[in-house]
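First comes the structure, then the notes that go with it.
Just so it is clear, none of the values below were taken in a lab; they were calculated from the coordinates. Worth saying up front: this structure is predicted, and the values here are computed from it rather than measured. Ideal geometry is used to build each Cβ from the backbone, glycine not excepted, and the neighbour counts take in all protein chains shown.
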Amino acid sequence: MEIDSKSVGLIQFVPDESEHVHAPDPDELWQESLVLYFWDADRQCYAFLRIAQTPNYKGGTAQIMLNIWTPAGFYKHTDDLYPFDGSGRKEKSLTIGKELVSYTYDGNFHWKIDDPTYDVKANLTFTGYHKGINPLPQNDGIAKNAIPNHTQAYGGVKGEVSIKGRKFAIDGYGWRDHSWGRRDWLSIRCHRFFPAIFSKDIYLTNISFVGSDGQLVKSAVLARDGKMYFTDDISFVAFMGEDAVSNCGGRCTFSAGGEKYVFEYSPIAKSSVIMVHGLAMTEGMCHVRWGDRKGLGLTETTTNPHWGTARPFVFPSSPGVIDNGVHTDVVPK
């Protein structure tokens, strides 16, 4: 895939050898996470799966975030302090629990779930459309403390999901993520992640983070017509429920390749609210519209702007004003 000339040096392609499972360093907050989303609209099956090893945290723990939406019901099994002694870590695989959930890399990316507590099983394989990329800046602040070494890619997912004996053959779009390094969840004031896919050749990944120091990090990558564009000219609006945590869709706007894009997200089902190390994260599976095009995606959000009782950060690009004064640039038009 061709990279837009303005993007060279901003998108980093990640070598295959980075996809192995990493040995931890001594940092208490060191983690390695593996993520898989899939969207199979024909069978009305969707998933957000994430596992992470956090071997130095709370005496050796892992995180499991298993969420699968199907016509048979919504399966949710999440735990941010699942016991982990390191025995499930191999060079190219990571297993949490005896057989609860496992990831294996052999050029493709394989996931298995066997959860007798809720009578759920899954066997899934992700095959990438392109080499893994890291579009996120790797500087100090929030990037260093919360989002280092990210590998992302779109692809296809095939396999099977069984919920209480009802089986679904999966054949849909997928997105994967692999990251390792220091992950301080409570260094995040909020973040927005609204990926979407319209076809094998048209997809986007985008993200914004606000750190505890007030740093705002934003980036988006759009693949279209055989080109991959990078931009940080992006804004997000998340639609939130009365609880101010559960999200129910949103909007993403950005410019790339000389064009302006507006993507509208509407929820497919209720979102999943997940606690991780004291921070609430919400995953909402969504239909996505871009003009006349229809796609699939999600709205992932965290919202912790007060940091207890602290003053929230409000930016010039935000849709609100916090400072006292007369503001001539925000009058009605």
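Worth pointing out:
- Per-residue packing, averaged as other Cβ atoms within 10 Å, sorts the ranges 122-131, 48-57 into the order 48-57, 122-131, beginning with the highest.
- Toward the positive end of the charge dipole of the range 93-225, with +1 on the Cβ of Lys and Arg and -1 on the Cβ of Asp and Glu, the farthest Cα among I113, V101, I202 is that of I202.
- Fraction of the pair-distance distribution of the range 124-281 above 18 Å, Cα-Cα pairs, percent: 66 percent
- Label-to-label distance for D243 and D27 is 3.1 nm, based on points extended 7 Å past Cα in the beta-carbon direction.
- Bridging of K144 to lysines at a Cα separation below 20 Å is possible for K218, once same-chain residues fewer than 8 apart are set aside.
- A simple spin-label model places pseudo-atoms 7 Å from Cα toward Cβ; at H327 and D292 they are separated by 3.9 nm.
- Normalised by 2.2 N^0.38 Å, where N is the number of residues, the C-alpha radius of gyration of the range 137-201 stands at 1.53.
- With the convex hull drawn around the C-alpha atoms of the range 57-105, the volume per residue stands at 83 Å³.
- Highest-first arrangement of 241-252, 205-216, where packing means the average Cβ count within 10 Å: 205-216, 241-252
- Cβ-to-Cβ counts within 10 Å put R176, R166 in ascending order as R166, R176, the fewest first.
- Value of D in µm² per second that Stokes-Einstein yields for the range 282-330, Kirkwood Rh from Cα pairs, at 4 °C (1.567 mPa s): 90 µm²/s
- Listed residues K121, K92, K260, most fluctuating in the chain (Gaussian network, C-alpha, under 10 Å): K260
- The range 239-325: radius of gyration and largest Cα-Cα distance (Dmax), Å: 15.4, 44
- Among the listed pairs K58/K92; K200/K270; K92/K158; K58/K164; K227/K270, those beyond 30 Å (Cα-Cα): K58/K164; K227/K270
- Listed residues V288, V321, V120, most fluctuating in the chain (Gaussian network, C-alpha, under 10 Å): V321
- Over the Cα atoms of the range 57-193, the radius of gyration divided by the Kirkwood radius equals 0.97; this is the Rg/Rh ratio.
- Note on the range 184-229: Rg/Rh from C-alpha atoms, Kirkwood Rh, equals 1.14.
- Here the range 212-333 is treated with +1 on each Lys and Arg Cβ and -1 on each Asp and Glu Cβ, and its dipole about the Cα centre works out to around 320 debye.
- Rounded to the nearest 20 debye, the dipole magnitude of the range 135-291 is 400 debye, with +1 charges on Lys and Arg beta carbons, -1 on Asp and Glu beta carbons, and the Cα centre as origin.
- Farthest toward positive dipole pole in the chain [+1 Lys/Arg, -1 Asp/Glu at C-beta], among G249, T328, A62: G249
- Charge dipole magnitude, Cβ of K and R +1, D and E -1 - the chain, Cα centre, debye nearest 20: 620 debye
- Highest mean packing comes first when the peptides 152-162, 24-34 are listed by Cβ atoms within 10 Å, giving 152-162, 24-34.
- Projected label distance in nm at E99 and S87, using a 7 Å step from Cα toward the beta-carbon: 1.6 nm
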